[in-house]
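Read the structure below first, then the notes.
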Amino acid sequence: MTDTSTAPARRGLLKAGAVAAGAAVLATPQVSRAQTVTLRFQSTWPQRDIFHEFAGDYVSRVNSMAGGRLRLELLAAGAVVGAFQLLDAVHAGTLDGGHGVSAYWFGRNRAFSLFGTTPPWFGNANQFLGWFYYGGGQALYRELMHDILRMNAIGFQTGPMPTQPLGWFRNPIERVEQIRGLRYRTVGLATDLFQEMGAAVVALPGGEIVPALERGVIDAAEFNNPSSDRVLGFPDVAKNFYLQSYHQAVETFEVLFNRQRFEGLPAELQAVIRHAAEASSADMSWKLQDRYSADLLAMQQQQGVNVRTTPTAILDAQLAAWDRVIARLEADNSSPAAGPFFKKVCDSQREWCRRVGNFFLRYEVSPVRSFNHFFAR
């Protein structure tokens, strides 16, 4: 015999329990059990270079934030292709992505260097990143990559670099005339700049510079920073290291991905790739403060490097040469992808720099006076 007085109550409790259980299931985060996507990601830097370490920092952020759904496999320059072949390999899908600088592709179109080693109208590389992400630069970069060159790649600018040194010289350099005929290594628009100043320019990837300097193939070279230069062995083949230059006053890294592979990822993993570039950009700007300053002192105090300041006359000559290089490249009407697009990017950058550069020059107090007050006595 059934107790009808209590059955509805029990059914109500069971129903309520089912609803509660369902709500609990809905409230539980949905954990993807999809198979991990592994992408081969090569840097353009030697294994020991701090730049390869920066590439590794980016990879670590992607891998840690992706929750096991995406993994970048980091490879050093030459593991699959040479440093200067990275873009082609990413375009073809031979590599899924990579870490380098846009200036390496300036042979395809000079405007690529405007997204890596721009003329020195930006106050610093962080202002360049401001233009890229908030001043229209990213749209112009994609126009160049996708519409003009039809490259199957998508990229992000990241990692603001300090002003690059004039570089390493076998003999002291004091006059502008000494640049003429000098066999000098650089890349990007800096090749046009030093050719304008009379140098015989050689473009080499990072791992090939010191051997060329040691064999006498080149007379002088720049790469980027004290930490890279020290580990690559510059102090072993040259002792005169000149700081400050306008040839590459502003540069950032470029993170590349095969466009089809990137766009085939879920939206949240695309976001991880983008946001990891931002996070590693900030971290790099903090890490280099420690490493670059320590390595510069070590080279000077322990390895007998003569750290010098580039003479003012050479800096002035660089600025004058920039005027001629920019005017010539903007006037190149051989195709719409040459001078007209180059000028389009330059105009956008100049508009940003007039406003933003003026703001910071007026707004921020110079650190020179305060540094001398506290430390120069």
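The values are calculated or read from the model by the stated rules, or taken from the named source; none is laboratory data. No experiment lies behind these values; they were computed from the predicted model shown. As a convention, Cβ positions derive from the backbone with ideal geometry for all residues, glycine included, and neighbour counts pool all protein chains shown. SASA here: full protein model, heavy atoms, side chains in, ligands and nucleic acids out. Shrake-Rupley method; radii C 1.70, N 1.55, O 1.52, S 1.80 Å.
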- request: Among what's in the stretch 280-319 and is more than 21 Å from the chain's Cα centre (by Cα), hydroxyl-bearing (Ser, Thr, Tyr) and open to solvent by 30 Å² or more (accessible area, probe 1.4 Å), pick the residue that is nearest to VAL176 (Cα to Cα).
  value: THR312
Test: residue in the stretch 61-79 that is in a helix (DSSP H, G or I), of a type in the set (A, V, I, L, M, F, W, C) and closer than 27 Å to GLY339 by Cβ: no
- request: Could you check how many residues of the stretch 211-233 are in contact (Cβ under 8 Å) with a residue 24 or more places away in the chain and more than 22 Å from the chain's Cα centre (by Cα)?
  value: 6
message: I'm trying to understand the selection: among the residues of the stretch 177-202, which are within 19 Å of ALA249 (Cβ to Cβ) and in contact with a strand residue (DSSP E or B) (Cβ under 7 Å, 6 or more places away or on another chain)?
response: TYR184, ARG185, THR186, THR191, PHE194, GLN195, ALA199, VAL201
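Would you tally the residues in the stretch 109-129 being buried (at least 18 other Cβ atoms within 10 Å of the Cβ) and assigned to a helix (DSSP H, G or I)?
Going residue by residue through the stretch 109-129, those that are buried (at least 18 other Cβ atoms within 10 Å of the Cβ) are 109-123, 125, 127-129.
Going one step further and asking which of them are assigned to a helix (DSSP H, G or I), we end up with 110-115, 125, 127-129.
Residues meeting the conditions: 10.
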field: Qualifying residue in the stretch 73-86 (condition: without any contact (Cβ under 8 Å) to a residue 40 or more places away in the chain, of a type in the set (Gly, Ala, Ser) and open to solvent by 40 Å² or more (accessible area, probe 1.4 Å))
entry: yes
task: Pairs only if they're at least six apart or on different chains, beta carbon under 7 angstrom, first in the stretch 254-278 and under 20 Å from HIS52 (Cβ atoms), second assigned to a loop (DSSP other than H, G, I, E, B) and open to solvent by less than 80 Å² (accessible area, probe 1.4 Å); list them, first residue then second.
output: GLU254/VAL101; GLU254/GLY116; PHE257/ASP96
task: Pick out, from the stretch 165-204, the strands (runs of 3 or more DSSP E) lying fully within it that include 1 or more residues that are free of Cβ contacts under 8 Å to residues at least 60 places away in the same chain.
output: 183-185, 200-202
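Can you tell which of ALA271, ALA277 is over 29 Å from GLY181 (Cα atoms), modelled with pLDDT of 95 or more and touching a Phe, Trp or Tyr at 6+ places or on another chain (Cβ under 6 Å)?
Step by step, each of ALA271, ALA277 is checked, and only ALA277 is over 29 Å from GLY181 (Cα atoms), modelled with pLDDT of 95 or more and touching a Phe, Trp or Tyr at 6+ places or on another chain (Cβ under 6 Å).
Every residue, every condition in (1) among the polar types (S, T, N, Q); (2) within 14 Å of PHE253 (Cα to Cα), yes or no:
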{"site": "VAL90", "(1), (2)": "no, no"}
{"site": "THR94", "(1), (2)": "yes, no"}
{"site": "ALA103", "(1), (2)": "no, yes"}
{"site": "PHE112", "(1), (2)": "no, yes"}
{"site": "THR117", "(1), (2)": "yes, yes"}
{"site": "ALA153", "(1), (2)": "no, no"}
{"site": "ARG175", "(1), (2)": "no, no"}
- prompt: Just to be sure, is THR158 surrounded by 18 or more Cβ atoms within 10 Å (Cβ to Cβ) and part of a strand (DSSP E or B)?
  reply: yes
